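Data first, discussion second: the structure below is written as structure tokens.
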Amino acid sequence: MVRSTAAVRAVPQSGEAARLALGPTTALGALLAGVLAWAYWPVLVRLWKDWDDPNYSAGPLVPLAAMWILWNDRAALRNCAVRACWWGLLLLIAAQAANLFGLVYLYESAERYSIVLTIAGLVLLVVGPALLWRVRWVLAFLALMVPLPGQVHNRIAGPLQEFASLSTTFVLELAGVDVARQGNVITLDGQVPIGISEACGGLRMLTAFVMVAAVLAFLVQRPRWQRATLVLCSVPVAIICNVARTSVTAVLYLYVDSDVARHFFHDFAGITMMPLAIVILIGELWLMNFLAPPATTAGAGPALKSRL
């Protein structure tokens, strides 16, 4: 059957339809984003202040990294079908219920995590389930910008601090240093006491390394199990790097100068540990690439074209 020219012209191509719908969709998305920023402004202000905590200083980088990941994946996002889905209203209602719960019961984490749920609801409402499914891990990644709830923080920070004290003592003993430990205070050569404070426990390094590992997992072309392994391995990598940091700092306190040790711990070591962690994570990728046949890693990721 032959269709008339008029009929053919009356049916726009899929790419053209997407372009025609892009203007209203962008305008609606911008309007809703503005309403979202206005509604959550007090929550965002308090969140920004909490990012001053050294343990969560990497928080502001999470939204920037998420936008960069989306930009890097823009070609695939353009191919997603764009259609409004009213199920997004249910997500928005659930998000506002969580926000109200946090406001009434003074549970800030509920208010903050509701931001991520609200963004997911807006994506589903404005552009539909196909694009929401495409960016689902990016939305989950946004949760890393929220500081841990108080109870979770205390359950993690305390054991990390104790482990840092034990591990630093063990490493120094292996190095031949006369060291004694009492709680979280270690004494070097019987005369130089050093306190392993909560800031030395490694929570700051842990939150930063998990974020870096998550971004790297987004970008590499690997099977899902390898990406998950990469993120999970960032935890022991952060702990190992922190123990190396505290051990070197203790040696500097003993043999060099306390001011030099403090500057090393807060400045130089904080800068060098991140490249070291990235090198270790890339080494893990190389090892997994060596153990897994190349055919199993081809085409596993949507973003980065080169293999590590």
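Just so you know, all these numbers are worked out from the coordinates, no wet-lab data involved. In this text the structure is predicted, and so the values were computed from the model without any measurement. Cβ coordinates were reconstructed from backbone atoms using ideal geometry, including for glycine residues, and neighbour counts include every protein chain displayed.
Remark: Leu174, Leu206, Leu32 ranked as Leu174, Leu32, Leu206, counting other beta-carbon atoms within 10 Å and listing the fewest first.
The listed peptides 181-192, 50-61, 242-253, ordered by packing as a protection proxy, come out as 242-253, 50-61, 181-192 (highest mean of other Cβ atoms within 10 Å first).
Charged side chains reduced to their Cβ positions (Lys and Arg at +1, Asp and Glu at -1) give segment 165-229 a dipole of some 600 debye around its Cα centre.
For the peptides 114-121, 134-141, what is the packing order when you average, over each peptide's residues, the other Cβ atoms within 10 Å and list the highest mean first?
114-121, 134-141
Near Ala228, once Lys and Arg are set to +1 and Asp and Glu to -1 for all other residues with Cβ below 13 Å from its Cβ, the sum equals +2. Ranked by the mean number of other Cβ atoms within 10 Å per residue, highest first, peptides 65-73, 160-168 order as 160-168, 65-73. Histogrammed with a bin width of 10 Å, the alpha carbon distances of segment 151-297 distribute as 11, 36, 29, 16, 6, 1 percent, first bin at zero.
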